[in-house]
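A short write-up of the structure that comes next.
Where a number appears in this text, it was derived from the coordinates with a stated rule and is not lab data. Source: prediction; values computed, not measured. Here Cβ is always computed from backbone atoms with ideal geometry, including for glycine, and neighbour counts include all displayed protein chains.
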Amino acid sequence: MSEVQQTLVLIKPDAVRRGLVGEILRRYEAKGLTVEAMELRRVDASFADRHYAEHVGKAWYPELRDFITSGPLVALVLAGERAVEAVRTLNGATDGVAAAPGSIRGDLCASKQANVVHASDSPESAEREVRLWFPGV
Ligand code: CDP
Ligand code: MG
């Protein structure tokens, strides 16, 4: 049975600064995922706190907030068969150093924080994050 889902993806400020938007989008499209919304945005600290609600309070969160608000990012809604899992697999492990070669993080970064992409980690997170970033989609 097919299970088409939406998921929320961020191409983070480090990737935008490094000119990697096209390279990253190419990988999602090559996988067969469809772009349903896309916007270049800058977010402020309070929006970052809402997006990363589960991490507010962690020792490393203040630095993550500074990073995610440090410049424009590209927010996307992608759709496709089991899109949440498909995008998490393409992205690779959180720590770019440990991420598998062939994954976006494994190929494009070597940092635990500046790891080029975000993606929703479950269908429930996807629903919440898509609603937060793109209320109309
Ligand atoms: O993004 P992902 O779901 O793979 O990882 P997370 O554990 O939900 O953490 C969210 C983001 O926080 C990561 O993508 C990193 O940018 C950052 N992070 C960090 O700066 N230091 C850590 N020790 C863990 C995560
Ligand atoms: Mg996460």
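Take every Cα pair under 8 Å whose residues are at least 6 apart in sequence, average their separation, divide by the length of the chain, and the relative contact order is 37 percent.
Once you keep just the Cα pairs under 8 angstrom separated by 6 or more residues, what percentage relative contact order results for the stretch 34-114?
For the stretch 34-114, the relative contact order is 29 percent.
Annotation for the stretch 72-99 versus the stretch 45-65: alpha-carbon center distance of 19 Å. With the cut-off at under 17 Å, measuring from each backbone N in the stretch 23-37 to a point 7 Å along the Cα-to-Cβ line of GLU81 picks out 28-35. For the stretch 1-90, the set of trypsin sites (Lys or Arg not before Pro) satisfying both a DSSP loop assignment and a count of at most 16 other C-beta atoms within 10 Å is given as ARG18, ARG42, LYS58, ARG82.
Given the DSSP H assignment, sum -39500 (n - 2.57) over each helix run of at least 4 residues in the chain and divide by its residue total; what's the result at 222 nm in deg cm²/dmol, nearest 500?
-11000 deg cm²/dmol
Residues MET38, MET1, ranked from the fewest to the most other C-beta atoms within 10 Å, line up as MET1, MET38.
Do any chymotrypsin sites (Phe, Trp or Tyr not before Pro) in the stretch 21-77 lie in a DSSP loop with no more than 13 other beta carbon atoms within 10 Å, and if so, which?
Within the stretch 21-77, the qualifying chymotrypsin sites (Phe, Trp or Tyr not before Pro) (loop, at most 13 other Cβ atoms within 10 Å) are TRP60.
Taking GluC sites (Glu not before Pro) as exposed when DSSP calls them loop and at most 13 other C-beta atoms lie within 10 angstrom, the chain has its longest site-free stretch at 55-137.
Pull out a ≥ b ≥ c, the square roots of the eigenvalues of the alpha-carbon gyration tensor of the stretch 88-137, then state rounded if a/c is under 1.5, prolate if not and a/b is larger than b/c, and oblate in the remaining case. Since a/c reaches 1.5 and a/b is larger than b/c, the shape of the stretch 88-137 is classed as prolate. Its alpha carbons give the chain an Rg and a Dmax of 13.9, 42 Å.
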